1. From Cα pairs below 8 angstrom and at least 6 apart in sequence, can you work out the relative contact order of segment 327-451, rounded to a whole percent?
2. Just subtract the alpha-carbon distance of residue 120 and residue 56 from 0.36 nm times their residue separation and send over the number in nm, one decimal.
3. Would you mind getting the Kirkwood hydrodynamic radius of segment 188-259 from its Cα pairs, rounded to one decimal in Å?
4. For the chain, what does -39500 (n - 2.57) per DSSP helix run (n ≥ 4), summed and divided by total residues, give at 222 nm, in deg cm²/dmol to the nearest 500?
5. How would you order 183-189, 237-243 from highest to lowest mean count of nearby Cβ atoms within 10 Å?
6. For all pairs of alpha-carbon atoms in segment 114-221, what percent lies in each bin of width 10 Å, listed from the first bin to the last filled one?
7. Order of 356-368, 417-429 by packing, highest average Cβ count within 10 Å first?
8. Take residue 101 and residue 188, extend 7 Å from each Cα along the Cα→Cβ direction, and tell me the distance between the two endpoints in nm.
Amino acid sequence: MLSALRQKSLHVRVFSLAFPMVLSNITVPLLGLVDAAVIGHLDHAWYLGGVAIGSTMIAVTFWLLGFLRMATTGLTAQAWGANDKTGLANVFLQGLTLAWLLAAVILVVHPFIADAVFSFSDASAEVKRYADEYFSIRIWSAPAALTNLVIMGWLLGAQNAKKPMMLIILVNLVNIVLDLLFVVGFGWKVQGAAAASVIADYSGMALGLYFVAKVWAESSLPSPLAQWKKASAGMSRLAKLNRDIFLRSLCLQLAFTFMTFQGATLGDDVVAANAVLMNFLMLVSFAMDGFAYAMEAMVGKAIGAKNRQELLESLTATSFWSLIISLLITLAFLLGGQSIVGVISDIPAVREQAYLYLPWLIAMPLVSMWCFLLDGVFIGATRGREMRNTMFVSMAGFFAIWWLLSSANQDIGNHALWAAMLGFMALRGVTLGVLFVYQWRRGKFLLSSHS
């Protein structure tokens, strides 16, 4: 294992995959800030409220369908490692077919989704009106947005992270420019913000399909039109993997949603402090996701090639750099955590509340890095069932920790929530880690669970 760390080419490979995805992640909050700044300068607050609710509805919908990216990455990386050209073509065509089917379903049922969400919302009539306006336009980007997930997964599985980065950056830049043009220049308000996002997603899809066509030609893959009918016969494998990852993502979303809603019952200052501290968790996610993506691509390739040494080297190098980055983030939170809180909020009561719970966030990078990395390992190995089952256990642990601490001491309040979140991250890493070690020692991990 230590010999792997002396290979310069291996470190270069890790960063060539991880760094572009970290940069891509950083552009996402930038887009949100521009949206808020543009809409926030209109003459009524309900425009910003409407866009906030509408964009959250879109974000949650598309995030829950993120399995399209994850499943495609693992399957593509394995086909790439095995030099299976037919498999590479099939994974992309199957993913594209599934993306378009899901997009069609979303477009049909989106009015019912909107009605259901707004029936539970206490927002004003004006905010609901503009949220519905935004959502009803923005949802038409579903075919492009879901196609982009497949494209990014396929390119990453083909060991190329620069092209997905360029796709994401293009989408965000087009969105920013059109936001300013449509909202500020043309005065289209909420409709302009939604239209900008739709056009941006389709622009990204066009660039992404160009990248795919280029890799397709360079790799001499079979004609997509001739292969499409054959590819449809193997959809069950992809569907099962996507189902398992979807259920895992749903549990993850449930835990974070509970964190937000339960925090709201503890008072305005607490929920505001939690919102501030969630930015710390977002920073950890931005850094760790890049290395998790690298792990997905490298592990999948090694499994496809059935190369135990390459798999071990990938695990060692990626884990090494993840540990280094986690230590640096921990040090930054320890030394500058209060300063970061001050930058995010200048409200004294919110700052004081955030300082109380900051120690939980200082511990978060080193505790949570393992669940990010092991997610990457199991996605690369296309072991969705294990990810689903361990997430069920971890979610049960999350609620158990919160309930036990809250029941034992009514005054513990928000500390119980953050203890539960830290325990949740730890349990995700521990359960996946135990499974990995068990399967590795028995020589089972080099085989895809779907092969």
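1. 30
2. Full extension of this stretch gives 21.6 nm more.
3. Value: 16.3 Å, from the Cα pair sum.
4. After summing the helix terms and dividing by the residues of the chain, the value is -30000 deg cm²/dmol.
5. Peptide ranking by packing, descending: 237-243, 183-189.
6. Reading the bins upward from 0: 14, 35, 27, 17, 6, 1.
7. Highest mean packing first, the order is 417-429, 356-368.
8. Here the modelled spin labels are 3.3 nm apart.
The values are calculated or read from the model by the stated rules, or taken from the named source; none is laboratory data. What you see is a predicted model, and the numbers here were worked out from it, not measured in a lab. Because the Cβ atoms are built from the backbone with ideal geometry, glycine has one as well, and the counts that use them run over all protein chains shown. Ligands, DNA and RNA are excluded from the accessible area calculation, which covers all protein heavy atoms including side chains. Shrake-Rupley method; radii C 1.70, N 1.55, O 1.52, S 1.80 Å.
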